[in-house]
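A.B. asks: Have a look at the structure that comes next, please.
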Amino acid sequence: MVRREQDRHTFYAGKPQPSADSPGTFKTINPSTAEPVCTIHTSSPRAIDAAVQSAQSAFPSWSATPPVERARVLQRAVALLRQRNDELARVETLDTGKPFSETSAVDIVTGADVLEYFANLVAGGGLNGEAFRLRPSAMVYTTKEPLGVCAGIGAWNYPIQIALWKSAPCLAAGNCMVYKPSEYTPMHAQYLASIYREAGLPEGVFNVVYGAGEVGGQLTAHPAIAKVSFTGQVSTGKKVAGAAAGGMKYVTMELGGKSPVIVLPDADVDQAADGALLANFYSTGQVCTNGTRVFVPRHMKQNFEKAVLSKIQHVRAGDLFDAATNFGPLSSKPHYDKVVSYVRRGIEQDKATLLCGGVSQPSGLPSGLKNGYWIEPTVFTDCTDDMTIVKEEIFGPVMSILYYDAVDEAVRRANATELGLAAGVFGKDINECHRVISQLEAGITWINTWGESPAEMAVGGWKSSGVGVENGRRGLEAWVRNKSTLVEMGGEVPTVFSKL
Ligand code: NDP
């Protein structure tokens, strides 16, 4: 049963702030049915400024709170997130169209894990600096200082997870945040803001603004913002990083990919096909690290395609709250149109061989779902490097199989892209797997698996896929600045100007 969601308003000073100056409203849509779920009030420039001011007011006290006390608040939020896992997963399912079997097992769990990780890290000395003796009479010590008020701007594919991956290290390090969710999947943000408050986070430490790109643009340009942590497309990331550079702001950019999977000649065909399916159809292919270019040794063609066709029968579309459903619709109408146009392009212009799928809806969908943004899982084979579907990020359930004759050729072709988010290899000879991985130009790599991204593992793209990392110890460093202090204990200041 669909519960009525309250309207969403800019959240600052600890609560939602309805206001007459909102420039308008928009609806979030359940992608499985195309029905509206919730009304969102766009934040006005005044409301954005008020949210930033609220964060500025909260910063002196929050940044001065000892890390171990900040950690206690964040740990209480972790407990609330875990307690309300299914309620939050329901919201994510309605907003994104991802099956409940997925959101209830992954989206909140992986967000809460990261919050727990950073709370533990700062409580355990993760923000400690270093001290060393420079010479007998002098020492140097360093401190890690929070940056101030930071902006988090999220994509629509992992809404609450992205909000947590950004706010967890940000708040743990003593910063305050103004967060803008994607206009397509904004519902989680108020739940998260309320959970933080309930856990004891002081008002103003976490704030939410709503709207499309121009709201993100205003937030990025605000002079009081010290850092922008952005997740989204490469083209938007370039705009956001450019705007941030004008104010010399810190940035973290988590952007798109067109990641390669290399199946080595000795790989287990079944295991590699399982990996390729996971890398292409999980979350209906709407995962930034998707391995959409699958390089397969030519001699394996028949067996690999047979395995893919057999396993793809287990991709099940249907009612999102049915435990057997593991494949949802695309998350919005504009995104559906984009993915469909790529599939058409693959068939009509690229002339790729369609192994299965296409632009129709998956068969057997219940009648209530026919208006949703559904498309079949699609596999193109015998693809070539110059095809548009092979070169551009589609961000949907579209796999391209490319055949190769020599491993070094596969590596060269895999690297021949401006993007460098993720990469993986499947093979039995682990030395060869390491050798190949070491040559792949990507920031997130896997051997004989795909997609797992635990809190301890720093992740971030190379080349045009991003700047900086999230998670792991290095993920905390992205939210602090260094202060080095040299202490002279010899009692004398260099006498350059006092003696002639
Ligand atoms: P977009 O780049 O379209 O949007 C991302 C966010 O930026 C949204 O909140 C958007 O607002 C906002 N935005 C748009 N224009 C501006 C602007 N000028 N200034 C500031 N903010 C702006 O990305 P998508 O939402 O379509 O997300 C999909 C992309 O995200 C894919 O490329 C995917 O690979 C990437 N991604 C990368 C991840 C990583 O970790 N590397 C993880 C997840 C996704 P609105 O949408 O409301 O208009």
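The values are calculated or read from the model by the stated rules, or taken from the named source; none is laboratory data. Values in this document were obtained by computation on a predicted structure and should not be read as measured data. Cβ sites come from the backbone with ideal geometry, for glycine too, and all protein chains shown count toward neighbours. Please note that ligands, DNA and RNA were not included when accessible areas were found on the heavy atoms of the full protein model with its side chains. Shrake-Rupley method; radii C 1.70, N 1.55, O 1.52, S 1.80 Å.
A.B. asks: In this structure, does residue 464 turn out to be surrounded by fewer than 13 Cβ atoms within 10 Å (Cβ to Cβ) and of a type outside the set (Asp, Glu)?
C.D. replies: Judged against the criteria, residue 464 is not a match.
A.B. asks: Quick check on region 106-155: of everything there that is aliphatic (A, V, I, L, M), closer than 25 Å to residue 76 by Cβ and assigned to a loop (DSSP other than H, G, I, E, B), which residue is most open to solvent (accessible area, probe 1.4 Å)?
C.D. replies: For region 106-155, the residue satisfying everything is 127.
A.B. asks: Here's something else I'd like to know. Kindly state which strands (runs of 3 or more DSSP E) lie completely within region 158-265 and contain at least 1 residues that are modelled with pLDDT of 95 or more and among the acidic types (Asp, Glu).
C.D. replies: Because the criterion is at least 1 residues that are modelled with pLDDT of 95 or more and among the acidic types (Asp, Glu), the strands (runs of 3 or more DSSP E) in region 158-265 that meet it are 250-254.
A.B. asks: Based on what the data block shows, is residue 229 at positive phi and within 15 Å of the ligand (Cβ to nearest atom)?
C.D. replies: Details: at positive phi: no; within 15 Å of the ligand (Cβ to nearest atom): yes.
No.
A.B. asks: Follow-up. Have a look at 236, 142 and point out the one that is away from the ligand (no atom under 16 Å from the Cβ) and not acidic (Asp, Glu). If you could, list the steps in order and put the result at the bottom.
C.D. replies: On the way: 236 fails: away from the ligand (no atom under 16 Å from the Cβ).
Among 236, 142, only 142 is away from the ligand (no atom under 16 Å from the Cβ) and not acidic (Asp, Glu).
A.B. asks: Continuing with the same structure: So which residues in region 239-266 are open to solvent by 50 Å² or more (accessible area, probe 1.4 Å), under 30 Å from residue 303 (Cα atoms) and of a type in the set (D, E, K, R)?
C.D. replies: 266, the sole residue that qualifies.
A.B. asks: Condition first: open to solvent by 20 Å² or more (accessible area, probe 1.4 Å) and either small (Gly, Ala, Ser) or more than 27 Å from residue 211 (Cβ to Cβ) (or both). Now tell me which residues in region 156-174 satisfy that.
C.D. replies: Of everything in region 156-174, nothing turns out to be open to solvent by 20 Å² or more (accessible area, probe 1.4 Å) and either small (Gly, Ala, Ser) or more than 27 Å from residue 211 (Cβ to Cβ) (or both).
A.B. asks: Same structure, new question: Return the residues of region 25-79 that are assigned to a loop (DSSP other than H, G, I, E, B) and either of a type in the set (Val, Ile, Thr) or open to solvent by 50 Å² or more (accessible area, probe 1.4 Å) (or both); say none if nothing qualifies.
C.D. replies: The initial filter retains those residues of region 25-79 that are assigned to a loop (DSSP other than H, G, I, E, B), namely 31-34, 42-44, 65-66.
Selection gives 33, 42, 65, 66.
A.B. asks: Check region 399-411 and report whether any residue there is touching a Gly at 6+ places or on another chain (Cβ under 7 Å), open to solvent by less than 50 Å² (accessible area, probe 1.4 Å) and either touching a residue at least 12 places away in the same chain (Cβ under 8 Å) or closer than 24 Å to residue 263 by Cα (or both).
C.D. replies: No, region 399-411 contains no residue that is touching a Gly at 6+ places or on another chain (Cβ under 7 Å), open to solvent by less than 50 Å² (accessible area, probe 1.4 Å) and either touching a residue at least 12 places away in the same chain (Cβ under 8 Å) or closer than 24 Å to residue 263 by Cα (or both).
A.B. asks: Further, regarding this structure: Identify the single condition in (1) under 22 Å from residue 470 (Cα atoms); (2) near the ligand (Cβ under 7 Å from one of its atoms) that residue 250 does not satisfy, given that it satisfies every other one.
C.D. replies: Here residue 250 clears every test but (2).
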